[in-house]
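Written out below as structure tokens is the structure these notes cover.
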Amino acid sequence: MPWPAAGRADGPDRGPVFWTESIMTHSPLSAERAPAAAPAAWVLQACDLAGQRGERALFEHLELALEPGAVVWLRGRNGRGKTSLLRLLAGLATPMAGEIRLHGVPQKLAGAEGRRSQLYIGHQNALKDDLTAMEALRFLARTRGERPDDEALALALQRLGVRGSRHAPVRTLSQGQRRRVALARLALCLHVDLWLLDEPFDALDADGIAALNGLLSEHATHGGATLLTSHQSPSLLDPVPRIFDLDRHGLA
């Protein structure tokens, strides 16, 4: 199946409207509609989705869509199912009901090309303690079938401010440094259409947050879309993230 080209739709065929909120600097949250687009123009769609953890149902009838250039903050109380939803969208779990589409193609039909079009980084850093920071980053890149050279790896670590620690074993790094090494994958994947990030700001100091915001902004500028969770309101200003509140879809 040919992979649809990403982009905004200009024609009269418009898809459904999905309600979110936007973060307004120094002002209350306001409602905002996600831009209307034809189905193939959405980077990601969740249609009438239902999810569970074990035997417990978490949410149902969930509708979510991300267009190119979008950054969406997935918000909700503890235990509501934010991580479970991200894992569903990443294809790491199976929904109870509904469908996930990547560029209009059902996820189950998207195959290897669909998997390469997205990057999931969980709240665990997935770094091997006995490897150096550069070796650990190289290993993670190879799990995607990519083979960056030493210069590309060093530059990615530099974007997150940990190039000077590239030869240090992961076990010697602080939690903040480990998180930066894990997030250096983003600098290697600016070409990837969809980022799914679980608590990416966790353990980062002000400089780390600024570095991550820079990558999020650059990714959006190039037409990438991001869905992320965070316990704190994101400070990203370009673009201003929309809010998707999972509490509105959760089950009592």
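The values are calculated or read from the model by the stated rules, or taken from the named source; none is laboratory data. Keep in mind it's a predicted model, so treat the numbers as computed, not measured. Note that each Cβ is placed from the backbone with ideal geometry, even for glycine, and that neighbours are counted across all protein chains shown.
Kindly indicate which of Gly164, Gly208, Gly223 is assigned by TED's automatic domain parsing to the domain that holds Glu67, out of contact with any strand residue (DSSP E or B) (no Cβ under 6 Å at 6 or more places or on another chain) and more than 30 Å from Val105 (Cα to Cα).
Gly208
Given the conditions (1) surrounded by fewer than 22 Cβ atoms within 10 Å (Cβ to Cβ); (2) of a type in the set (A, V, I, L, M, F, W, C); (3) modelled with pLDDT under 95, and given that Leu58 satisfies all but one, which numbered condition is not satisfied?
All conditions pass for Leu58, except number (1).
What single numbered condition from (1) over 30 Å from Gln177 (Cα atoms); (2) touching a residue at least 60 places away in the same chain (Cβ under 8 Å) fails to hold for Met96?
The one condition Met96 does not meet is (2).
Can you go through Glu135, Glu63, Glu113 and tell me which one is of a type in the set (D, E, K, R), in contact (Cβ under 8 Å) with a residue 24 or more places away in the chain, farther than 21 Å from Val192 by Cβ and surrounded by fewer than 21 Cβ atoms within 10 Å (Cβ to Cβ)?
Exactly one of Glu135, Glu63, Glu113 is of a type in the set (D, E, K, R), in contact (Cβ under 8 Å) with a residue 24 or more places away in the chain, farther than 21 Å from Val192 by Cβ and surrounded by fewer than 21 Cβ atoms within 10 Å (Cβ to Cβ), namely Glu63.
For every residue, the table says whether it meets (1) without any contact (Cβ under 8 Å) to a residue 24 or more places away in the chain; (2) on the phi < 0 side of the Ramachandran plot; (3) not in a loop (DSSP other than H, G, I, E, B).
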position: Gln158; (1), (2), (3): yes, yes, yes
position: Gly161; (1), (2), (3): no, no, no
position: Gly164; (1), (2), (3): yes, yes, yes
position: Arg180; (1), (2), (3): no, yes, yes
position: Leu183; (1), (2), (3): no, yes, yes
position: Leu186; (1), (2), (3): no, yes, yes
position: Leu190; (1), (2), (3): no, yes, no
position: Leu196; (1), (2), (3): no, yes, yes
position: Asp202; (1), (2), (3): no, yes, no
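Please state which of the following conditions Leu102 fails to meet, knowing it meets all the rest: (1) of a type in the set (A, V, I, L, M); (2) assigned by TED's automatic domain parsing to the domain that holds Ala70; (3) surrounded by 19 or more Cβ atoms within 10 Å (Cβ to Cβ); (4) farther than 24 Å from Pro241 by Cα.
With (1) of a type in the set (A, V, I, L, M); (2) assigned by TED's automatic domain parsing to the domain that holds Ala70; (3) surrounded by 19 or more Cβ atoms within 10 Å (Cβ to Cβ); (4) farther than 24 Å from Pro241 by Cα applied to Leu102, the lone miss is (4).
Rundown of residues vs (1) farther than 12 Å from Val72 by Cα; (2) under 15 Å from the mean Cα position of the chain (by Cα), yes/no style:
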residue: Ile209; (1), (2): yes, no
residue: His219; (1), (2): yes, yes
residue: Ala225; (1), (2): no, yes
residue: Pro234; (1), (2): no, yes
residue: Leu237; (1), (2): yes, no
residue: Asp245; (1), (2): no, no
